[in-house]
Amino acid sequence: GAPDRRTPTGADTDVPAEAMGQQGAYLTTAQGARLRDTDHSLKAGPRGPTLLQDHHLREKVMHFDHERIPERVVHARGAGAHGVFEGYGAADDLCRAAFLGKGVETPVFVRFSTVLGSRGSADTVRDTRGFATKFYTAEGTFDLVGNNMPVFFIQDGIKFPDIVHAAKPHPDREIPQAQSAHDTFWDFVSLHTEAQHHTMWNMSDRGIPRSYRTMEGFGVHTFRLVNAEGATTLVKFHWKPRLGVHSLTWEEAQMLNGIDPDFHRRDLYDAIEAGAFPQWELGIQAFPDTPEQTFEGIDLLDPTKFVPEEIAPVQPIGLMTLNANPTNFFAESEQVAFHVGHLPPGIDVTDDPLLQARLFSYLDTQLNRFGSANFGQIPINRPHAPVNDMLRDGYMQQGVHAGAAPYRPNSLDGGCPFHAGTDTAFLDVPVQVPAASKVREAPASFADHFSQARLFWRSMTTVEQEHIVRAYTFELGKCYEQAVKERQLRALAAIDADLCAQVALGLGLPAPAPDATEVLDMDPSPALSQVGRSWPL
Ligand code: HEM
């Protein structure tokens, strides 16, 4: 059965009673004064005007007026759960992070999400799903902020505002609210053909999961592990659901959107409440950390590419069990703040230009979301490792810092000594950065936009291919602009002529001539274009 309800930070934290929000047997004001009545305002006579001196009325209404915080700019719709991660010890030779050690148990909080819909949008839309995990390790928090697809739309984070502008509802009509079926989305992905691979995953059954419990998760980027000797390995992280991977059919998803827009949220909550705790194995694909940072010709710094498991099997390194629902949605699922830079000793980032931009974006957006730099002190965001930083003051500061000298070295507060060991985070692995001048060009390997989309399409069964064709046909059929549909058909022709022909048939359009497929991509700046890239508009 389900365990007792957790504190806001998970199983084994000692959250002080005052952080739990409510205590005592009587209703009080926010100042703790007992109330006799909360249903009637203080008035000059039963039919007279309300008196300004009614502090309870003003406090109650004022607080209500300020209950909302901005929803996440992406991934606004989501649901979270608490759990535990247990390491297998299988990564010990590759990674010094203690939480991966055999039998080590670490509390986790996971938030699953859709990307595009607003906070109140439906769950079973066709979209990518977020799969973000906060490991409260004894050596500091590790956030694995992944998705349910192994590749991403774009190769450089500088395009993230653009793809999100294109994929969110049209600025004039604010439609569609939660689906990819619109002109700006298809305009973007047909012009930036690096997005074609991820788009095909969206059009596949992976775009409408049966349940959060039946989704795979992927760290997408390549990360760098560091072992106790300082040796490094490149890895990609994978979550494998114990329940297997299952999807909804399009028709099921459509019905559920109407009948139960909370379908995934309800499914997760109910399963955990019933004691059917979902589990995922964490695995890694490991690659030698060579200067080229490629594996079998695949660029490990290109987030639009994955490495097939046939050539790099996923090695299991631990098991996650989600075993407790949040006590309060806002306090936990809404206020949790993930960051790809939250890394414990032994795990480091790589130079993937998408990941590099994310390192800036999450802190920045969370300042906007919380309105204060102290959101790390909210219970769900507090590390389970001792914190001894030199960050001070600011709006809503919760800490009462002792001492007089928040700087180092100092001769007053014991000097703020650094830890002398090598088991520290941000070890600054001495990876060679090639001598280079400042450039904006992408590497030539980033110009291949279609080979893995083709690989994915050709790996599908007949039924899965039918679903993909129907999805493209339905979604493109919703576009108003003929030119956008035609350009997307040319991109499909570059992936696979048969796929293109089937979608063209469904749309009632001619399949593009084969020579239209020779062009690879449109890049508006000739100075930045790569060999052979031009895309007639
Ligand atoms: C939120 C995944 C790329 C900016 C999220 C969330 C996930 C996620 C899972 C939701 C976290 C939560 O549940 O609270 C990914 C993955 C990416 C990616 C897997 C690529 C591999 C990017 C890029 C940027 C970005 C390139 C910006 C340059 C954001 C922002 C949020 C967000 C601003 C909202 C965070 C918040 O308000 O706390 N992302 N993302 N993401 N992501 Fe990404």
If I go through the stretch 409-442 residue by residue, how many of them are surrounded by 12 or more Cβ atoms within 10 Å (Cβ to Cβ) and more than 29 Å from C95 (Cα to Cα)? 3
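A quick yes/no check of all residues on (1) within 8 Å of the ligand (Cβ to nearest atom); (2) farther than 16 Å from F426 by Cβ:
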| site | (1), (2) |
| --- | --- |
| A331 | no, yes |
| Q335 | no, yes |
| D351 | no, no |
| Y362 | yes, yes |
| A373 | no, yes |
| Q377 | no, yes |
| I380 | no, yes |
| P386 | no, yes |
Boolean, L319 is touching a strand residue (DSSP E or B) at 6+ places or on another chain (Cβ under 7 Å), over 20 Å from R382 (Cα atoms) and not β-branched (V, I, T): yes
Only one of F142, F109, F64 is among the aromatic types (F, W, Y), in contact with a Phe, Trp or Tyr (Cβ under 6 Å, 6 or more places away or on another chain) and not in a loop (DSSP other than H, G, I, E, B). Can you tell me which? F142
Scan (1) farther than 30 Å from K159 by Cα; (2) in contact (Cβ under 8 Å) with a residue 40 or more places away in the chain; (3) touching a helix residue (DSSP H, G or I) at 6+ places or on another chain (Cβ under 8 Å) for the single condition A385 breaks and write down its number. (3)
Restricting the stretch 232-253 to residues that are part of a loop (DSSP other than H, G, I, E, B) and β-branched (V, I, T), the one farthest from P313 (Cα to Cα) turns out to be T249
Kindly establish whether I378 is touching a Cys at 6+ places or on another chain (Cβ under 9 Å) and at negative phi. no
Quick one: E229 ticks every box in (1) in a loop (DSSP other than H, G, I, E, B); (2) within 24 Å of Y472 (Cα to Cα) bar one, so which box is it? (2)
Looking at the stretch 86-95, can you tell me whether even one residue there is in contact (Cβ under 8 Å) with a residue 40 or more places away in the chain and part of a strand (DSSP E or B)? yes
Tell me the residue from E71, E105, E59 that is surrounded by 10 or more Cβ atoms within 10 Å (Cβ to Cβ), more than 30 Å from A138 (Cβ to Cβ) and within 35 Å of the chain's Cα centre (by Cα), please. E71
Among the candidates F135, F85, F112, single out the residue that is closer than 23 Å to A276 by Cα, of a type in the set (F, W, Y) and within 10 Å of the ligand (Cβ to nearest atom). F112
Can you name the condition, by its number, that A167 falls short on among (1) near the ligand (Cβ under 8 Å from one of its atoms); (2) in contact with a Leu (Cβ under 6 Å, 6 or more places away or on another chain)? (1)
Mind checking which residues of the stretch 468-486 are surrounded by 19 or more Cβ atoms within 10 Å (Cβ to Cβ), in contact with a Phe, Trp or Tyr (Cβ under 8 Å, 6 or more places away or on another chain) and in a helix (DSSP H, G or I)? I468, A471, E475, L476, V484, K485
Here is a check on your reading of the model: is A402 in a loop (DSSP other than H, G, I, E, B), of a type in the set (G, A, S) and crowded, with 19+ Cβ neighbours inside 10 Å? no
Which members of the stretch 59-82 meet the condition of being out of contact with any His (no Cβ under 9 Å at 6 or more places or on another chain) and either among the aliphatic types (A, V, I, L, M) or at pLDDT below 95 (or both)? V61, M62, I69, V73, V74, A76, A81
Condition first: under 30 Å from P150 (Cα atoms) and β-branched (V, I, T). Can you find one or more residues in the stretch 372-395 that meet it? yes
Taking the stretch 204-226 as the search range and keeping residues that are part of a strand (DSSP E or B) and out of contact with any helix residue (DSSP H, G or I) (no Cβ under 8 Å at 6 or more places or on another chain), which one is nearest to the ligand (Cβ to nearest atom)? F218
Considering only the stretch 307-315, I want to know if a residue exists there that is in a strand (DSSP E or B), more than 9 Å from the ligand (Cβ to nearest atom) and closer than 30 Å to Q196 by Cα. yes
Inspect the stretch 95-104 for any residue being in contact with a Lys or Arg (Cβ under 9 Å, 6 or more places away or on another chain) and either over 26 Å from T214 (Cα atoms) or within 16 Å of the ligand (Cβ to nearest atom) (or both) and give the result as yes or no. no
Only one of D205, D187, D156 is within 30 Å of D289 (Cβ to Cβ), at pLDDT 95 or above and surrounded by fewer than 23 Cβ atoms within 10 Å (Cβ to Cβ). Can you tell me which? D156
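The values are calculated or read from the model by the stated rules, or taken from the named source; none is laboratory data. This one's a predicted model, so the numbers in the text were calculated from it and none came from an experiment. Don't worry about glycine lacking a Cβ; one is built from the backbone with ideal geometry, like all the others, and counts go over all protein chains shown.
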